[in-house]
Structures are given as structure tokens and as C-alpha cells.
Amino acid sequence: VMEKVLDQVLAMVPVKHIEWPLGFDFSPVGQRELTEGVFLNPHLVVHPPSNSYQMRVLKTVMSKAESAGYEVSEGVYELYAALVAIPEEKDCCYKSYHIEKELYVTVKESTQLISKGTTGLATWNAAFCFVKWALANRDLFAKRTVLELGSGLGFAGMAVCLTCKPKLYCFTDCHEEVLVKLKENVQLNLTKDVVYDQALVDVFVKTLRTLLSMNSSAVGYVASTIRNPETYQYFCKGIGKTTSYHNEPWSVSVTYL
């Protein structure tokens, strides 16, 4: 029931435009479902929208509960108090956009439309339109090399990479600060899942091999959580195959956490 509300809060939809579940009564039970299903959701806890935005949502919940004749629950008050006590990052926050099924693309972006002399630190509606079109035309990107001109914070490109499986995707932009944030967002969404998808293991190992072959004293360290045993074994096998090339001046040390 709370999934639709969660999606809206993660994307920081303006509070006045949030669509609440049909028949939701903001009773104590409803408030508990809201706090547990939205504000304590693991994704939101790790990559939260701005504190001020979450506080505005909670204020709306309080107002609607009181208007319906219910008392505001302790859980809602505690959440609000916790947000007040947390120092807020002034210039940027996380926004997470639901792409399909359980897939979200998370972007760290500016809270202002124009920041540091550029409009590239916020995600524009054109990017959402492009992703919608790309999802309906995945074959145009599958196994292709894609060059995106003006990637901004990378939302469109990351969504394409995660859903359309291009062979190579090149992000570009001309603003130095945008490029810094773009790199952070790509690392946030793409590198964390590299060794969990067998389709990406070979690419990861090949890239690691290329980088380490540039310096005879270089050592690579890979930290990974075992989510899928089959993928884990495939990854170990790939590393083993690579390290068997003794005439290559490189080595890999693998650490699993």
C-alpha cells in the first residue's frame, strides 16, 4: 500500500502533489504503516531526501491525522524530532527514481535549479522522457556503444545502462562541477553491482586486468558481499583465469567482506 507513497517521497515529489492511497485514513495504524513503509524503508534511510522535505511530509501527515480526528502517533513525533536534530546538507540531497520492478536510480543532486553557475546539477524532465522512450526501445541500445552528449548528473545514462544493457556507455559533460557529481552518481549506481551480475563480471575482470597491467607493482583489492553464490563462484573463476597469465606483470588480491 505504501509503495506508491515511498516512490513519491524518494523522488521528492512536491508535498502538495503527493497522491495518498485511496481510502487511507491517517489513523494510528495508518501512521505506523507510513513510518515503517516509507520513512524507515532501507533505501530511504541510506539515501534520504532532504531533511526539510521529509519534515514537510510529516507535517502534512500530522495535519491530515488531526483533521480526521486522530491523535498524532509517537512514532511520527519521534521521526520529526530526529530529523530536526540532524544537520542538513545545504546544497544537495538524494533523489531516487523508480524505473521498473525493484530498480531505482539514485541521484545526488542540487536542491537549487541553478547552482554554481550551471543548470546541470539537477535532473530535468527531458531525462525522464528519454528514459521512458529508451525503455520502450531497448533493442536500440542493447550491445551498442553509446555516447551521451551532456549527461548532466547521469540519470538517463544510468537508467539505460541498468535496463538496456549497452556494450559501452560514455557519459560526457562540459562543466567541471557537473563532472564531479556525475562520477559520484555513476559510482553510486553502477559499480556497486558489478560483481553481482554475471553479464558484467567478464567486463569487470578485463577492466581490472587492463588497469593493473599498466604498473608492474600495482595490486588490486576487491571487496564484495556474497549475494548470489553462483555469481560469486563465477567471479572467483574469472579472477583465477586472469591471474593464471603469469607472463603478465600484474596480480590481484581479493578480499571479501
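Rounded, prolate or oblate: which fits the stretch 1-108 when a ≥ b ≥ c are the square roots of the eigenvalues of the alpha-carbon gyration tensor, with rounded for a/c under 1.5 and prolate only if a/b beats b/c? Oblate.
Surface calculation, 1.4 Å probe, protein heavy atoms: W133 sits at approximately 120 Å² accessible.
According to the square roots a ≥ b ≥ c of the eigenvalues of the Cα gyration tensor, what is the shape class of the stretch 126-173, taking rounded for a/c under 1.5, prolate for a/b larger than b/c otherwise, and oblate for the remainder?
Values: a/c = 2.00, a/b = 1.14, b/c = 1.75.
Since a/c reaches 1.5 but b/c is at least a/b, the shape of the stretch 126-173 is classed as oblate.
Only protein heavy atoms count here; on that basis, with a 1.4 Å probe, K165 has an accessible area of about 100 Å². Accessible area of S63 (1.4 Å probe, protein heavy atoms only, ligands and nucleic acids ignored): about 60 Å².
Net charge near E36: determine it from the other residues with C-beta under 14 Å of the C-beta of E36, scoring Lys and Arg +1 and Asp and Glu -1. Present the calculation step by step, with values, prior to reporting the outcome.
Details: positive: R32; negative: E3, E33, E74, E78.
Around E36, the charge tally is -3.
Each part gets one Cα centre, and for the stretch 43-88 versus the stretch 128-169 those centres are 35 Å apart. Straight-line reach from K167: taking Cα to Cα under 13 Å and skipping same-chain neighbours fewer than 8 places apart, the aspartates and glutamates in range are D139, D202.
Ranked by accessible surface with a 1.4 Å probe, highest first, in what order do V146, V1, V61, V46 come?
Values: V146 25, V1 130, V61 0, V46 95 Å².
Greatest to least solvent exposure: V1, V46, V146, V61.
Please give the net charge around K143, taking every other residue with its beta carbon less than 10 angstrom from that of K143, where Lys and Arg add +1 and Asp and Glu add -1. Summing Lys and Arg as +1 and Asp and Glu as -1 gives +2. All other residues whose Cβ lies under 15 angstrom from that of S73 are scored, Lys and Arg at +1 and Asp and Glu at -1, for a net of -4.
The values are calculated or read from the model by the stated rules, or taken from the named source; none is laboratory data. Predicted model only: the values in this text are computed from it and were never measured. As a convention, Cβ positions derive from the backbone with ideal geometry for all residues, glycine included, and neighbour counts pool all protein chains shown. Side chains are part of the model used for accessible areas, which takes the heavy atoms of the whole protein and leaves out ligands, DNA and RNA. Shrake-Rupley method; radii C 1.70, N 1.55, O 1.52, S 1.80 Å.
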